[in-house]
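Here is the structure we will look at.
Just so you know, all these numbers are worked out from the coordinates, no wet-lab data involved. All of these numbers come straight from a predicted model, not from anything done at the bench. In this analysis, Cβ positions are derived from the backbone assuming ideal geometry, glycine residues included, and neighbour counts consider all displayed protein chains.
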Amino acid sequence: MAKSTKDKFIPCQVSEGMFKSELAVEFELYKTPFSMFAPKESGVFAGDLPTKGLLRVRVLDKKKGLIELPAETLQQGRRYLQMPVKNLVTA
């Protein structure tokens, strides 16, 4: 997922991934926990891991709240989710 000046982010918990090029990411949406291994460049965080951070997502449809994640979730294998765009943050 290419970086954009209009990047949006989901607040999340960030940990070390299995490989040096990835992060383990956890977040909650509608009281449902999601986790994934995402490319390191899709996370924004400061300091040592684990820590709170942000996961870069792409908004595909603002009205429907359709977003694209940088990788599939481990639970459902989903890369696309719906969520209120107002819940996304900018870095």
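Within the chain, what's the longest stretch lacking chymotrypsin sites (Phe, Trp or Tyr not before Pro) that sit in DSSP loops with no more than 11 other Cβ atoms inside 10 Å? Counting only loop sites that pass the neighbour cut-off, the longest clear stretch is 31-91. With the alpha-carbon atoms of the chain aligned to their principal axes, the span from lowest to highest coordinate is 36, 29, 21 Å, starting with the largest. Using C-alpha pairs under 8 Å with a sequence gap of at least 6, the mean separation divided by the residue count of the chain gives a relative contact order of 30 percent.
For each pair in Lys31/Lys64; Lys20/Lys63; Lys40/Lys63; Lys20/Lys62; Lys8/Lys64, compute the distance between the two Cα atoms and list the pairs where it is over 27 Å.
Pairs exceeding the cut-off: Lys20/Lys63; Lys40/Lys63; Lys20/Lys62.
A Förster radius of 41 Å combined with the Cβ-Cβ distance from Lys40 to Val85 puts the calculated FRET efficiency at roughly 0.95.
In loop segments of segment 1-77 as defined by DSSP, the trypsin sites (Lys or Arg not before Pro) with at most 16 further C-beta atoms inside 10 Å of their C-beta are Lys3, Lys6, Lys20, Lys31, Lys62, Lys63, Lys64.
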